[in-house]
Amino acid sequence: MSPQRHAVILGMGLMGCDIAAIFCAGGWRVSAVETATARWPDAQARVRASILQLDGDPARAAALTLFDDMAAADYASAEIVVEAVPERLTLKQAVFARLDTLVPAGIPVVSNASGYRITDIAGGIATRARCANLHFFLPAHLVPGVEVVQGEHTDPAVCDAVAAIMDGLGRKVIRVARDVPGFLANRIQHALMREAFAVIDQGLATAEDVDNAVRFCFGFRYLAAGPILQKELAGLETQLEAGRTIYPSLCNSPDPSPGLARLVAENRLGPKTGQGFRDWPPEATARERERYERALLATVRMMRELD
């Protein structure tokens, strides 16, 4: 019988917990480093709940072992090390500097950074060639896509190995050939978000209308076909003519939305502060999060049948 495959995860916030659930549900053993030991019970509960949402056996959460010190984890038997600490560049650089000496050569070391480039995170360490970005999307266990980003110093074979691991765990792998800000999905998403906030600023539509336009019009089709495939099915000549008409009036500001900046300055951040574009009392927040996760689960199951 072959030994159980092993992954090490650093940081057990929401992302780290859900990434751990992906590995545990796939039959892997997971060593997770979380220095805040007071968080351990919540982290273990989150991993169990996420495995259950993946239609897995929550007993597989027993494959998770927590450590409060990076040096205590068993790196020698790991096939991959995933960094999921908070999104601060200096913190991530410090973690990679320690992993440079803790992790034996040849084992991929990846970051789940959503904005920082792996080139900037690991560019100063000796083993930077085995480092790549592995970018999940919240909630990581339910959103099937994951980006594998090649840094300026990354050995392409490392990306091949990481992509193969993710594919084996049932993830939809998106390869990104260059290490640019936002990688691929967030570049496309932020182009949409710039226009979404701009039309609200211009008084063209409310936040609710923007959400409904995406969910029930073009976004509804994206489940069946991505934007390029959808436009090919419709005819690329139509897209060309529409672009000539619409593009000159689109927002191309290099600065974020003034309306968005004003909300943030007023501490209207969404559910975490009770207000955003909308009011967020606790009961509404709980109800909307539950609906959102139910919708994601239903979508995952439908995609398994149709893909």
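The values are calculated or read from the model by the stated rules, or taken from the named source; none is laboratory data. These numbers come from a predicted model, not from an experiment. Reconstructed Cβ throughout: ideal geometry from the backbone, glycine too, with neighbour counts over all protein chains shown.
Assorted remarks:
- Residues in segment 114-135 that are at pLDDT 95 or above and closer than 19 Å to Asp18 by Cβ: Asn133, Leu134, His135.
- Residue check: Met15 meets all listed conditions (1) over 19 Å from the mean Cα position of the chain (by Cα); (2) at pLDDT 95 or above but one, namely (1).
- Boolean, Asp69 is among the acidic types (Asp, Glu) and modelled with pLDDT of 95 or more: yes
- Selection status of Ala84, in contact with a helix residue (DSSP H, G or I) (Cβ under 8 Å, 6 or more places away or on another chain) and under 15 Å from Gly13 (Cα atoms): yes
- Output for segment 146-162, where each listed residue is surrounded by fewer than 19 Cβ atoms within 10 Å (Cβ to Cβ) and either in contact with a Ser or Thr (Cβ under 6 Å, 6 or more places away or on another chain) or without any contact (Cβ under 8 Å) to a residue 24 or more places away in the chain (or both): Glu152, Pro156, Ala157, Asp160
- Among the residues of segment 104-145, those that are within 18 Å of Met70 (Cα to Cα) and without any contact (Cβ under 8 Å) to a residue 40 or more places away in the chain comprise Pro104, Ala105, Ile107, Val109, Ser111, Ile121, Ala122, Ile125, Thr127, Cys131.
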